[in-house]
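The values are calculated or read from the model by the stated rules, or taken from the named source; none is laboratory data. Bear in mind that the values here come from a model prediction, so they are computed numbers and not experimental data. Quick reminder, even Gly has a Cβ in these numbers, built from the backbone with ideal geometry, and neighbours come from all protein chains shown. These area figures cover heavy atoms from the full protein model, side chains too; ligands, DNA and RNA do not enter into them. Shrake-Rupley method; radii C 1.70, N 1.55, O 1.52, S 1.80 Å.
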Amino acid sequence: MTKKYEIQLEISGPTAIWTRPDSGDCPVSYPAPTYSAVKGIFEAILFIQAVEIVPCKVEICAPIVYHTYNTNYGGPLRKSDQINKGASYQLLSSVLVNPCYRLYAVAQSNVKTNGRVSEKTLAWLSRTTSAPHAYQEMFNRRLKRGQNHYIPCLGWKEFTPDYVGAFRPETRVYTDFNMTLSSMLRQVFPDGLRSEARYVFDQDVDIRGGELKYHPEVDHAQ
Amino acid sequence: MNTEIKRATGLLIIEVINSNPNGDPDRESDPRQRPDGRGEISPVSFKRKLRDLAEDKEGPVWQQLSQQMKLDQKEFVILESRDTKKGDYKGAIKKELEDGASAFKQKYWDGRIFGNTFLEEAMDKGTIKTGVVQFGLGLSISPIEIERHTNTNKAGVEEGKTAGMAPMGYRFVQHGIYCMPFFVNPSMAHKSGCTAVDIDLLKKLIPHAYAHTRSHARPFVDLRHAWYCEHNNPLGSCSDFALIDALRPKKKDDPSTSSKSWDDYDAPAELPADLASKVVCIDLVGR
């Protein structure tokens, strides 16, 4: 049986948005991060091309509270008539406030490199007997020191966390929360390094006792 | 001149007195407030002020800083400009995005520093659109109290009148201390084209962000402190969140009640020794 290299972290912040794609241009958040968002949070701490992060589950550790959040955009991506009128584009969104999550994932050898790993990675692989094991060690070291490639975010880049690190003893799983999501975006780029966009959704995603287990990886229909 | 960008963790301590630091368009421009009563300032709002100061090339802030730093104004154009005119952008920018977007990156200061969505259109997916500087949401330490006043308005607010009353035209926070974190992530710099000079300009603009953009709605919103903690290496020499926690003011009495003045808070004047040895921490406001 292949050894599993498990990694985990806790993240919290004042605001989060895990955008439901069906909410169009007035984005609404899922109660918990998507598979790809969890992957991105781990990869913000440490990204190695030769290793794939496979999110397993998330525990919701704060009540789910929605709040409206608006921003004005006054830049060149506005439509011509908005520019002519000098009007801003207002983005209205429904975000979560004071969220807290415990995230779990497994580091495994990346079989989706599509032959596009860098020379630097190939050289590193030649010196490493187990890339996932090395990843796990480096990840835990970085998490403990508070180091990262960039500050992970809670959905949008401006929703910065107020804590990223090891599990805090005072944190409790919000066990009262139960919900079934008929559909949840899983990934936009499921095919690995420098691949084309391919939208993959999970169906009938259960959140029971504050815990969401991501479906094992299967090739879902688009 | 220093050419290396070091990782940095920042914290703005913003004091609001009888002002609206950031109106909520969904609630008729009331100051933004969360369900727990605390006030919000969006990062978009703060970044707008920095952009406006950098864009006003005739203004005293740009005049002074550009002379001091010997900046070429052609390299500090604002992409997300209020002065966009029809046809100004789409064609011109498309051209600037050709050949790896080098002309684009060299021209737009806010594109380099805050990131941009235009690079998506460059069809060069190797060119990242993420910026180097990441501002977070500004949150008040305690709940805020909002007051609403009626204004007299010289411009006609009723049909057929040349002047009148603007009911609830002035909505403001009596007093609040807001904390807004920001982060400098050098890992993104080589992709967005951001340089150490861009970061230096940001550091010099921050103290003027509110003082030089005052308005009727914001007569007193100002920075008490603008902490800037530079790490010893690009990865970071300690936890960003430990730095922010250590520099955040604490309310002396019940934190669930609104404050009346700055004296209601205990505000750190420096980092504790264990953290101070790991970063170089300065107050950009210099008080």
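Residue-wise HN-Hα couplings along the range B:256-264, as the Karplus relation 6.51 cos²θ - 1.76 cosθ + 1.60 with θ = phi - 60° gives them from phi, are 8, 10, 6, 8, 10, 7, 4, 5, 6 Hz; Gly and Pro carry x.
At 1.4 Å probe size, with every protein chain present, just tell me what the per residue accessible area of the protein assembly as shown comes to in Å².
Working: 23720 Å² over 509 residues.
For the protein assembly as shown, the solvent-accessible area averages 47 Å² per residue.
Give me the tail of P(r) for the protein assembly as shown as a percent: Cα-Cα pairs with distance above 37 Å. Summing the P(r) tail past 37 Å for the protein assembly as shown gives 31 percent. Normalising the Debye intensity of the range A:94-222 to I(0), with uniform scatterers on Cα atoms only, and taking log10 at q = 0.23 Å⁻¹ returns -1.48.
Over chain B, what relative contact order in percent results from Cα pairs under 8 Å that are six or more residues apart?
Working: 568 pairs, mean separation 86.2, N = 287.
Contact order relative to length: 30 percent.
When the residues B:56, A:204, B:110 are ordered by accessible surface, computed with a 1.4 Å probe over the protein chains alone, the sequence from largest down reads A:204, B:56, B:110. Relative to the longest principal axis of the Cα atoms of chain A, the long axis of helix A:131-145 makes an angle of roughly 60 degrees. Within the assembled protein chains, the solvent-accessible surface assigned to residue B:82 is about 150 Å², based on a 1.4 Å probe.
A simple rule links phi to the HN-Hα coupling: the Karplus curve 6.51 cos²θ - 1.76 cosθ + 1.60 with θ = phi - 60°, which for the range A:190-201 gives x, 9, x, 4, 6, 9, 7, 5, 8, 6, 10, 10 Hz, with x for Gly and Pro. Accessible area of residue B:104 (1.4 Å probe, protein heavy atoms only, ligands and nucleic acids ignored): about 0 Å².
Semi-axis lengths, largest first, of the ellipsoid equivalent to the range B:188-287 are 27, 22, 11 Å, with √(5λ) applied to each eigenvalue of the Cα gyration tensor.
Summarised in one figure, the compactness ratio Rg/Rh of the range A:1-87, Cα atoms and Kirkwood Rh, is 1.11. Taking 20 Å as the straight-line reach from the Cα of residue B:278, the aspartates and glutamates in range (excluding those fewer than 8 positions away in the same chain) are A:162, B:4, B:230, B:240, B:245, B:270.
Taking a ≥ b ≥ c as the square roots of the eigenvalues of the alpha-carbon gyration tensor, chain A is classed prolate because a/c is 1.5 or more and a/b outweighs b/c.
If you count Lys pairs in chain A whose Cα atoms are under 22 Å apart, skipping same-chain pairs closer than 8 places in sequence, the total is 18. In this structure, the amide hydrogen of residue B:81, modeled 1.01 Å from its nitrogen in the peptide plane, lies closer than 5 angstrom to no residue at least 5 positions away or on a different chain. Rounded, prolate or oblate: pick one for chain B, where a ≥ b ≥ c are the square roots of the eigenvalues of its C-alpha gyration tensor, a/c under 1.5 means rounded, and failing that, prolate if a/b is larger than b/c, else oblate. Note, shape of chain B comes out oblate. Note: relative contact order over the range A:14-87, using C-alpha pairs below 8 Å and six or more positions apart, is 19 percent. To the nearest 10, the accessible area of residue A:162 is 70 Å² with a 1.4 Å probe. If you take the Cα centroid of the range A:91-156 and the Cα centroid of the range B:218-259, the two points sit 28 Å apart. Largest to smallest in accessible area, the residues B:262, B:227 fall in the order B:262, B:227 (1.4 Å probe, all protein chains included). Annotation: Cα Rg of the range A:40-137 relative to the compact-globule expectation 2.2 N^0.38 Å equals 1.69.
Summing +1 for each Lys or Arg and -1 for each Asp or Glu among the other residues whose beta-carbon sits under 11 angstrom from that of residue B:39 gives -2. Buried accessible surface for the A/B chain pair comes to about 3400 Å², total over both chains, computed with a 1.4 Å probe.
Tally up the carbon and sulfur contribution to the accessible surface of the protein assembly as shown as a whole percent, 1.4 Å probe, everything protein left in place. Mind dumping the intermediate values first?
Working: 11940 of 23720 Å².
Heavy-atom surface of the protein assembly as shown belonging to carbon and sulfur, 1.4 Å probe: 50 percent.
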